[in-house]
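Visitor: The structure follows.
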């Protein structure tokens with residue numbers, strides 16, 4: 001081959017190589033579990049004991065199980081729509097035996113009637129549109145009507161099973177977003193609001209007019225409490241820090257005696273475990289989960305205990321089929337393996353980088369929500385930060401997995417680091433003490449937490465994994481929350497990006513985020529400000545750039561964007577210099593990139609040859625030294641990127657819903 005021809009062939013080969021597309025692969029579905037699990041005992045159409053179970057999942061939607069109490073075999077009825085993923089409110093009518101479910105995410109009312117199984121799980125219609133996307137409570141009135149409370153607008157709706165008609169009463173409280181109604185046998189209708197200023201509302205069922213009854217609780221005061229429930233006598237009761245009351249005749253009557261709750265547990269507040277987990281059947285037997293929230297969280301085995309001492313206890317193994325649980329966070333462990341957490345419930349999975357040896361390890365925390373963050377210590381230890389209550393768990397991959405809160409637990413649930421944090425949104429492992437040669441001889445874990453329901457002002461916490469000593473700081477800026485963390489080696493400081501987010505159920509009190517430089521040795525802020533960034537929104541992610549500079553992802557979480565409405569600006573990339581405390585560049589992401597994933601934390605990160613980020617539509621790369629973004633891969637129509645993971649070489653790990661996936665650059 002002549003030299004000119006050889007050069008031509010090489011040019012063509014190089015051109016084809018540069019034009020090659022990234023290769024995307026599916027590694028599997030790591031977790032097939034369920035959420036919002038409820039037992040619903042009652043009487044079947046033959047008047048014998050009947051057990052229905054409601055379960056939520058992402059792939060395939062929520063479902064209802066009609067359990068054969070002799071064998072454990074389940075007739076499974078999936079929701080009509082895959083958008084109906086979470087049965088956030090449920091109620092089985094003692095009159096008819098029918099089970100009603102309020103479905104999130106589409107806010108529809110569903111019904112399963114065991115007397116008419118051929119109808120399956122029926123969709124009865126929209127509860128109240130965008131005002132009721134998350135049903136919070138269902139109750140049956142004396143006339144057979146079904147009353148539905150819902151988030152985000154603290155709305156109330158009446159459903160008439162006889163006619164199929166909905167009557168929508170709208171918002172019940174101007175500040176709170178969650179409403180939990182209960183109907184009394186005497187015709188009284190009342191509801192508890194949560195979480196900004198929890199209080200009881202008496203409701204006129206004809207007009208929807210409300211009257212506040214009893215104390216109004218401050219979420220900041222942990223000594224205050226409200227437990228609202230329906231007693232065995234069918235009447236409504238309110239147990240509070242200020243006294244106990246019966247709700248009757250449009251007023252509160254002091255109650256010297258509080259009857260037990262009517263099972264299944266009709267209550268709003270913190271139910272006693274005995275009534276939450278042990279539900280009596282009509283034949284006198286007790287149904288309890290053998291492997292539910294207090295165990296492995298797999299919801300496969302039910303223990304039936306008879307009140308007759310001559311009848312032996314039986315365990316039923318259920319044969320329901322799961323489709324897949326959404327993934328929430330992905331991480332590369334110190335052992336080189338891929339770890340991740342599923343979303344409601346929190347199950348930790350692990351697999352090799354090629355997807356082999358994939359295993360659902362189970363729970364890592366007492367919380368069973370989801371792990372928001374995972375971190376590696378230099379000695380090989382791992383840390384999980386879990387919702388709710390921002391519980392911290394420590395895990396040694398070199399030892400067998402055996403979850404527990406005891407000293408031998410692995411992971412070991414350490415617990416909550418303060419009484420405020422609930423979502424551990426960011427984590428950084430930083431040197432705490434340094435040897436003369438510059439080596440870190442001890443490390444601390446730092447966590448940025450969003451505040452609990454109904455509160456403002458998140459916390460910055462730290463933990464020493466060796467001694468379990470810890471600390472907490474709140475209101476780094478008034479009513480703001482730490483959202484992103486980055487250790488800066490040169491100045492030996494922690495850079496904190498703050499959000500305007502409050503706790504769930506609140507609206508932000510401030511309009512701008514901030515940057516904080518934190519001296520971890522002195523445990524105090526040395527700078528608080530905006531680095532000169534104009535109209536600084538939430539600081540969603542931080543990642544290192546060259547020369548000690550930092551890239552910041554600026555924008556709004558879904559919650560703050562909804563609150564700001566038209567005032568919410570585009571998502572931006574800023575290049576800041578913490579040393580000089582100034583912004584060097586600030587550029588919006590192209591609108592064609594689409595919106596950010598719902599779990600937006602960590603969506604800007606280092607890659608094999610620069611800094612990368614994701615939106616739901618694209619994986620992009622920042623041109624070195626600039627804030628200009630170029631598309632690396634665009635998801636095909638109907639596809640998404642939901643959760644970013646680690647890079648291993650030129651392979652990027654990410655999740656789409658319940659699927660673990662990889663993208664390998666050419």
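Visitor: For the range 38-160, take N as its residue count and report Rg(C-alpha) divided by 2.2 N^0.38 Å.
Guide: Details: Rg = 13.8 Å, N = 123, 2.2 N^0.38 = 13.7 Å.
Rg over 2.2 N^0.38 Å, computed on Cα atoms: 1.01.
Visitor: Let me ask something else. So how compact is the range 127-283: Cα radius of gyration and Dmax in angstrom?
Guide: Calculated on Cα positions, Rg and Dmax stand at 15.0, 45 Å.
Visitor: Could you put 240, 212 in order, starting from the residue whose Cβ has the fewest other Cβ atoms within 10 Å? Can you show the working numbers first?
Guide: Details: 240 18, 212 13.
Ranking 240, 212 by Cβ neighbours within 10 Å, fewest first, gives 212, 240.
Visitor: Tilt of helix 3-18 relative to the longest C-alpha principal axis of the chain, in degrees (0 to 90, nearest 10)?
Guide: Roughly 30 degrees, rounded to the nearest 10.
Visitor: Using alpha carbons only, what's the Rg to Rh ratio of the chain with Rh from Kirkwood? Numbers along the way, then the final one.
Guide: Values: Rg = 26.8 Å, Rh = 26.8 Å.
With Rg and the Kirkwood Rh in hand, the quotient comes to 1.00.
Visitor: What is the packing order of peptides 511-520, 579-588, 298-307, taking the mean over residues of other C-beta atoms within 10 Å and listing the highest first? If you can, show how the numbers build up before the last one.
Guide: Values: 511-520: 20.2, 579-588: 15.0, 298-307: 17.7.
Ranking, from highest mean packing down: 511-520, 298-307, 579-588.
Visitor: Another question, if that's okay. Please report, in cubic angstrom per residue, the volume enclosed by the convex hull of the alpha-carbon atoms of the range 547-597.
Guide: Values: hull volume 5.1 nm³, N = 51.
Spread over its residues, the Cα hull of the range 547-597 gives 101 Å³ apiece.
Visitor: Please report, largest first and rounded to whole Å, the three semi-axes of the ellipsoid equivalent to the range 596-666, where each semi-axis is the square root of five times an eigenvalue of the C-alpha gyration tensor. Could you put the intermediate results ahead of the total?
Guide: Details: eigenvalues 66, 36, 27 Å².
Output for the range 596-666: semi-axes of 18, 13, 12 Å.
Visitor: Something else now. What shape does the range 225-384 take by its C-alpha gyration tensor, where a ≥ b ≥ c are the square roots of the eigenvalues and a/c under 1.5 counts as rounded, a/b above b/c as prolate, and the rest as oblate?
Guide: Note, shape of the range 225-384 comes out oblate.
Visitor: Sticking with this structure for a sec: For the range 314-470, what are Rg and Dmax over the alpha carbons, in angstrom?
Guide: 16.4, 64
Visitor: Sort 423, 416, 398 so the one with the fewest other Cβ atoms within 10 Å of its own Cβ comes first.
Guide: Values: 423 27, 416 20, 398 10.
With the sparsest Cβ surroundings first, the list reads 398, 416, 423.
Visitor: Quick one: grab the alpha carbon gyration tensor of the range 410-531, order the square roots of its eigenvalues as a ≥ b ≥ c, and give me rounded if a/c is under 1.5, else prolate or oblate depending on whether a/b is larger than b/c. Spell out each step's value before the answer.
Guide: On the way: a/c = 2.72, a/b = 1.38, b/c = 1.97.
The shape class here is oblate.
Visitor: By its C-alpha gyration tensor, with a ≥ b ≥ c as the square roots of the eigenvalues, how is the range 493-639 shaped: rounded for a/c under 1.5, else prolate for a/b larger than b/c, else oblate? The partial results should precede the final answer.
Guide: Numbers: a/c = 1.88, a/b = 1.15, b/c = 1.63.
Cα axes put the range 493-639 in the oblate bin.
Here, each number is a calculation from the coordinates, and none is a lab measurement. All values reported here derive from a predicted model rather than from experimental measurement. FYI the Cβ positions are ideal-geometry reconstructions off the backbone, even for glycines, and counts take in every protein chain you see.
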